[in-house]
Every structure is written in structure tokens, then in C-alpha cells.
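Working notes, structure below.
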Amino acid sequence: MTNTNTSVTTPVSSSSLPTVDHSKYRLVELTDIKEIEQCHTRNYVEWAGGLTVDQYLQREKGVFAILAKYGFSLTYWALQEKSDSGDWITVSACESVCRPALYKVKGKPVNDTISHSIGSVFTPKENRGKGYAKIMMILLAERLHSWKTEGLSEEQINNSIIALWSDVGLFYGLFGYELTDAEEIKISPDYKSETVSGSAASIPEGVELLSSSEEIAKLVAQDEAYMVKRIDEQTEQDGSPRAIIAPRAGVFEHTFWRSRYIGRYLNKTDEKEPSVFGARVNGSWMLWNQDYGSKKLYGQRIFTDRSKYTSNEEIVRDIIKLIQAAVIETKKWNLPYLCIWTSDLPEGIDGDAIVSAYESTANPEPIVKWQRPGSLPMYHTSGTRKNLKWVFDGKYAWF
Ligand SMILES: CC(C)(COP(=O)(O)OP(=O)(O)OC[C@H]1O[C@@H](n2cnc3c(N)ncnc32)[C@H](O)[C@@H]1OP(=O)(O)O)[C@@H](O)C(=O)NCCC(=O)NCCS
């Protein structure tokens, strides 16, 4: 079943953007642990997803540590306003993580760069509607284009990207962020039915579950090599520069870490922490994570080695097997939804084809392809590389 909600594509006008008075506002990097904890204690209401304040504060420390372990640096930002007494008061806050990216311009080999992903944009309730988030986003875009750029050439900096996942429609369009693709396949297992449905009763034949970090690291390296090859070919063909957030092991391990940590506190099942993060069959694999906060099993990435197949039908058949394995994992944790962003499907495999193939299996769960209203991938490029496209913009890159 396909259901398209087009409301997210309503354009936004930048006419309401304030001019920043630099004597009154400043964007600062927070490094003091107490100040960072204060921000988290305030934004707890929005993103704790059922954790206590202490568990949430520990989770945020853990996120910092796991990102650092893989060499990704997390920065805490605060917009501060000068009070009448001359003190600088934090009025809005957010975070950004710097992770490796790759870009391609025609005539040159694919090269390294960086990406910044923005998250946790938050203005406390009492400060909302005063233009603080707008001022912060204006200052942040300026700052991030030269943040963590030591050792990079001008070309590398010009081909870096800033990404975010908006839960507030096209708000970020005001600051030049462009929407990519917000289509999603959503399966809602029917927990009421007495019989466990046939298509999701047992792991399909030939499917192997994935839980070893070493194994997953090998698979994502294969994916990165594929992405590099594709942007190289596509940009040579059409001349349009492209960038990707590198799908390094740490990008995935960060989400697995969150699943394990949150599972410990929120799972009502005997088994607390998940250990299975994907499945493989023939030349295809899928990675996922259990998001117990938003109560979804998220597909992180689906990969197909086309050299192992002779037709799209064969590929779709294997992807359906992977989805069936993911449905079992969804049910195991009693999660209401399995969500797969269409941008994480292998190239050339259409979301509608997946939906109709799944619907034609024995006893499928309810499935829909729709334009989700939240977590909208948006990106910003440096002023000098306006035509740079962010591609492979899937869930794996989410922050
Ligand atoms: C979104 C948020 C950061 C805005 O902060 P703010 O300081 O009040 O924002 P500003 O005053 O600068 O701008 C207000 C604008 O926010 C936008 N906005 C706020 N909430 C929105 C929502 N839920 N959907 C769409 N736009 C929204 C509107 O465009 C509004 O503009 P307007 O006043 O011209 O109508 C704040 O509402 C918040 O912290 N919300 C909860 C956390 C959250 O959802 N963060 C975003 C995660 S991507």
C-alpha cells in the first residue's frame, strides 16, 4: 500500500530571518561538563524516550565516548545572549558531530573530506518563539564550514557537507538546508492476531543473523568501496559533484551502542540487551538497530552485491527474506514498527517493488510506503560548492 504525504515539501521563506547582533549574541562551544549536563537536563524532556534523568545523562556521556573511540568528535554548542548585567546566558543549544566524508568532482579521484551532522537543536519552552534557534542556526552554519578543517585543502573544505534530520518540517530550509528523500517503508506487526504470521514465523532459509562487530566492519567496508565506485562513475558521467558520509564501522557501532544501553533500562523482556544487528543472505545483507526510545526497529542499510545476481527479481526476493528476519527481530522486542528508509535500499530497487513483493508473501504484516513527517534528511554545502549533492543519505548516517 502506498500513501504519500506531501506536507513536508512545502517551501519555506527566509524573509523572517533576523540579522544577528553580534554584540548581543554569541555561539560558544561548551566544554564545561556542568554546563553540558545542564543542557542535557533541559532537553531530557524531548529525547530521553523513557530513561530517567540520570540514565539519560549517562547515555549522553556514553555517546560522546563511543563517538570518540571511533575518532568522531562531538561538539556541544550554546547560543548565549548578553543580559542587562553583562552576563552571557545560554538560551538555546545543539550538538554537532564531525565524521569522515568522501567527495567526487569530475576529472579527479574520489577524495576525503569531513561532514558535520547537527543534532539536539533545543530551545527551552520559556525561550521559544523569540528567534533564538534561528540566530543559533545562522551562526552555526557560518562556524561549521570552518570547524575541524585543520589540514584540509580549500577543495576538501569546499566539498564538505553539513547534515541534519529535521523533526520540525522544513524549518532548516530557512538557513539554506535542502531536503533529500523522506520516503520510508513501515511495517506494523499485528500483535493481536492469535497465530504468528507465516512470513515472519521463522528465519527464512539461507538467512544468517549478524552480531559480530568484526563481520559487520567487513560488510560496511564493502559498502564504502561500492559507494566510492558509484560516486566516481556517476560524477564522471553527469559532471555533478557528490559527497557521502563515510559508512565506517563506528557510524554503525554508535547506533548499536545506543540500542544496547537503552535496552538495558527499557526492555520488559527477559533478554535486556540486543545482540543481533542484521542479517545476510547470498549476496545481500541488511543492518538494523533497535530504537527502544522511539519504539522502532530501524533498517540501517541494505546492500546487494549485484555480481551475485542475474535479475532484480532475485535481489528483491533476498531483500524480502532480510525484511522477514527484521520483522522477527521487531517482534522479539515487542516494537510496534519496522522502518526502512527507501534511500537505504540498493540502487535500482524501488520501494514500491519491495512493498508489493512483501505483500505477496504468505501472511504479510501490514506494510506501507509513505513520506514520513519526521527525521527529514537535510543538508547544507559551503557557499562555493552549491551544486554538491549529498548521496547515499540514508538512516546509517543519522545522528
Ligand atoms: C524547534 C525549536 C528548536 C525552535 O526553537 P525557537 O528558539 O523557538 O525557534 P525560533 O524562535 O528561532 O523560531 C521559531 C520557528 O521555529 C519553527 N518551528 C518551531 N517548532 C516547529 C515545528 N514543530 N514544526 C515546524 N516549525 C517549527 C517555526 O518556523 C517558527 O517560526 P515562526 O515563529 O516564524 O513561525 C524549539 O521549538 C524546540 O526546542 N523544540 C523541541 C525540540 C525539537 O523539536 N528540536 C528540533 C529537532 S530537529
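Some notes on this structure:
- The stretch 279-324, residues that are of a type outside the set (A, V, I, L, M, F, W, C), in a helix (DSSP H, G or I) and buried (at least 19 other Cβ atoms within 10 Å of the Cβ): 318, 321, 324
- Residue 164 being within 10 Å of the ligand (Cβ to nearest atom) and assigned to a strand (DSSP E or B): yes
- Candidates are the residues of the stretch 326-363 that are aromatic (Phe, Trp, Tyr) and under 21 Å from residue 398 (Cβ atoms); the one that is modelled with the lowest pLDDT is 333.
- Tallying residues that are within 22 Å of residue 266 (Cβ to Cβ) and among the charged types (D, E, K, R) within the stretch 11-57 yields 4.
- Residue match in the stretch 41-57 (condition: modelled with pLDDT of 95 or more and in contact with a His (Cβ under 7 Å, 6 or more places away or on another chain)): yes
- Single condition residue 133 does not satisfy, out of (1) touching a residue at least 12 places away in the same chain (Cβ under 8 Å); (2) not in a helix (DSSP H, G or I): (2)
- For the stretch 73-89, a tally of residues being in contact (Cβ under 8 Å) with a residue 60 or more places away in the chain and either open to solvent by 10 Å² or more (accessible area, probe 1.4 Å) or over 18 Å from residue 162 (Cβ atoms) (or both) returns 2.
- Residue 93 within 16 Å of the ligand (Cβ to nearest atom), open to solvent by less than 20 Å² (accessible area, probe 1.4 Å) and either closer than 28 Å to residue 232 by Cα or β-branched (Val, Ile, Thr) (or both): no
- Residue check for residue 103: outside any helix (DSSP H, G or I), more than 16 Å from the ligand (Cβ to nearest atom) and aromatic (Phe, Trp, Tyr): yes
The values are calculated or read from the model by the stated rules, or taken from the named source; none is laboratory data. Bear in mind that the values here come from a model prediction, so they are computed numbers and not experimental data. Virtual Cβ from ideal backbone geometry, glycine too; neighbours counted across all protein chains shown. These area figures cover heavy atoms from the full protein model, side chains too; ligands, DNA and RNA do not enter into them. Shrake-Rupley method; radii C 1.70, N 1.55, O 1.52, S 1.80 Å.
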